[in-house]
Amino acid sequence: MLKYAALRLLQAPAVLLVLAVLSFALMRMAPGGPFSKESKAGPEVAAALDAKYGRDAAPPVQFARWLGRSLTGDFGPSMKQRSQDVDEIIGRTLPTSLVLGGVALLVALGLGVAAGVIAAAKRATLVDHAAMTIAMLGLSVPSFVVGPLLALVFALWLGLLPPAGWHGLSQPAYLVLPAITLGLPFAARIARLTRAGMLEVLTQDFIRTARAKGLSDSAVLLRHGLRGGITPVISYLGPAVAYLLTGSLVVEQVFQIPGLGREFVEAALNRDEFLVMGTVLVYGAILIVANLAADLVLAVIDPRVRYA
């Protein structure tokens, strides 16, 4: 398993290089440029800005220069927020998205696994149908609908929670609504995966043997069934964790959270090339690490899984 992890880590630079090339090419293929508004002041102004940020060279040369700087951890200056470097923007906004995503992950795992286990234990009953119906609703209703509804009910009508804003972990009340909004779709998927995995495991011979030995239903379900039934969830957690930890533009926009997802979309709209490419690399690295961690955890939990 250590060889497998080392091989995956050795492949990571190639994956990140492909992501960087694609993001650079897509930004250059899009119409307009980062200094389109400045060109109205005269072509000399736009030309001076191009020279300042190295955009007067050929595209391959520009990419090579940026790649050389990024290998040292310097993603260059922001083309729109000109008083800040890309590293500073990512360093300021990424922790916010990580905190929000981490809390949302706990919400998704807690609600999803609990609903899936209960649905599997009460298979083909009203409880099972109700849990899966709610899970389907969680998958179907988008976050830009769920977020305002939660804010309307719990913040404006009931006055239990603040409607928007961000104060980090110092005031956790501000985390509740955005974390639930971000985590609900993933809780729905986890619930469905947990139920499917549990139903498959509960038909195995070792489950019947455990029941024949006199173990209680709860012990069979949680001690033996959950360990095998949770494996589909572990496989799903790789990309899910990466998405949750990098935040969501919709949730950050609705609840006015200064996260990296919000900065990324604004940078793409403003054609802030250095910020877009730096953020893509950060997202790619998080995705690689999260998928690798999910694979290794799956191998530990399920002895049948072995990586050559």
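Bear in mind these aren't lab numbers, they're just calculated from the coordinates by the rules spelled out. Everything numeric in this text was worked out from a predicted model, so none of it was measured. When we count neighbours, we look across all protein chains shown, and the Cβ atoms used for this are built from the backbone with ideal geometry, even at glycine.
Annotations for the structure displayed:
- Unit charges on C-beta of K, R, D, E only; dipole of the chain, Debye: 920 debye
- Sorted largest first, extent of the chain alpha carbons per principal axis (Å): 84, 56, 34
- Sorted peptide list for 74-80, 55-61, criterion being average Cβ within 10 angstrom, highest first: 74-80, 55-61
- Helix 231-245 axis, angle to the chain major axis (alpha carbon atoms, nearest 10°): 30 degrees
- Proximal lysine pairs, the chain, alpha carbons under 20 Å, eight or more residues apart or interchain: 5
- Student exercise, region 110-244 dipole from Lys, Arg, Asp, Glu Cβ charges, in Debye to nearest 20: 360 debye
- Electrostatic dipole magnitude of region 1-107 [Cβ: Lys, Arg +1; Asp, Glu -1; Cα centre; debye, to 20]: 220 debye
- Principal axis extents of the Cα atoms in region 1-134, from largest to smallest and rounded to whole angstrom, are 72, 44, 27.
- What separates the Cα centres of region 66-94 and region 178-214 is a distance of 43 Å.
- Taking packing as the residue-averaged number of other Cβ atoms within 10 angstrom, the listed peptides 181-194, 255-268, 138-151, 214-227 run from highest to lowest as 181-194, 255-268, 138-151, 214-227.
- Between the listed residues VAL297, LEU226, HIS167, the Cα displaced farthest toward the positive end of the dipole of the chain, a dipole computed from Cβ unit charges relative to the Cα centre, is found at LEU226.
- Note on the chain: GNM, Cα springs under 10 Å; of ALA124, ALA46, ALA240, the largest mean-square fluctuation is that of ALA124.
- Highest average first, the peptides 201-207, 25-31, 100-106 ordered by how many other beta carbon atoms sit within 10 Å of their residues are 100-106, 201-207, 25-31.
- Taking a point 7 Å from the Cα of ILE301 along the Cα-to-Cβ direction, the residues of region 181-210 with backbone N closer than 16 Å to it are 186-202.
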